[in-house]
């Protein structure tokens, strides 16, 4: 254990007595569990003494009758020397910059400048190469060669192996698969690229814009080993109220007053009462019932798996409000927002007085929606007849 001790003083050197110092573990170590807390109160002379196990801790100070304050984080190692809280909390300042650090910074700047010069030269060379390649293609290829520049080809394939086998026989091309193929994107248009023994397919689902990439070697294709990757973008992700990218599904952005929101609040979302909803949450609506009390209707409740709620935070990662939710049998979600209050007895943040959602911020709710029936139009007879004349592999 490492001894952290000293005298807690104010700006004028006056000692502070009766101050509670809370150490909260930020992650599980070999001796301390995550979020475990220990407290010490300074004596009449402001002195404190803490024997701390190695680990990462959040330091919180509080005085009876006042809100607790987070003063920073510390790292305690097995070989850390004894010291004061200031020793562990202090970060290097301008006075700590040594000549060696200055030399390192100057060297990094010089390397960055050299790298920029090389990048500019490479870009110029690439442009010349691109122009030469375009001139060569203009003379060597005509519209429709390899399925490029023309309408491409169409085929019905039930799985990715059949699709890639057919594509390999044709070479690089544009194509449209008219069946859901297990292992690659569903029905839609795509691009097949082949070089050497490597095969790559990029397909786009026309109903939601999701892009799926499938790739394999010739040996992998022969053994049925095909790797797939779904790209993340605006079609299948959402940016929450704190600026973090999260997997999208039916999402409602609950706000106290949509008129105070920034323009990006409605990016890809539609306003419905006090909530902005994406396409998957169409039909969901939010209303304010009282100070800090909101109801969200039109869904089956919060999502059953994955993340469900994100609360707005400040720049230090502290939540701006305390949020509680309750879901009724009909799926109506009641959201209660209140001020954060520090409970001395439990050393925990609990609900305080009701408050509305802070102006300009929102609460993200990930929902469970009723299953919707999608009507799929049958393929036209003309299309079927046309396909019979196209040279495609049999199913």
**Asked** Okay, which of the stretch 42-83 sit inside 16 Å, backbone N to the point 7 Å along the Cα-Cβ direction of residue 28?
**Response** 55-56
**Request:** Would you please give the FRET efficiency between residue 14 and residue 353, computed as 1/(1 + (r/R0)^6) with r the Cβ-Cβ distance and R0 = 35 Å, to the nearest 0.05?
**Result:** 0.60
**Asked** In nm², what is the average projected area of the convex hull enclosing the Cα atoms of the stretch 237-366?
**Response** 8.3
**Prompt:** Listed highest first by mean packing, meaning other Cβ atoms within 10 Å per residue, what order do 268-278, 323-333 come in?
**Reply:** 268-278, 323-333
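No value in this document is a laboratory result; all are computed from the given coordinates. The structure displayed is predicted, hence computed values, not measured ones. Note that we place each Cβ from the backbone using ideal geometry, even for glycine, and neighbour counts take in every protein chain shown.
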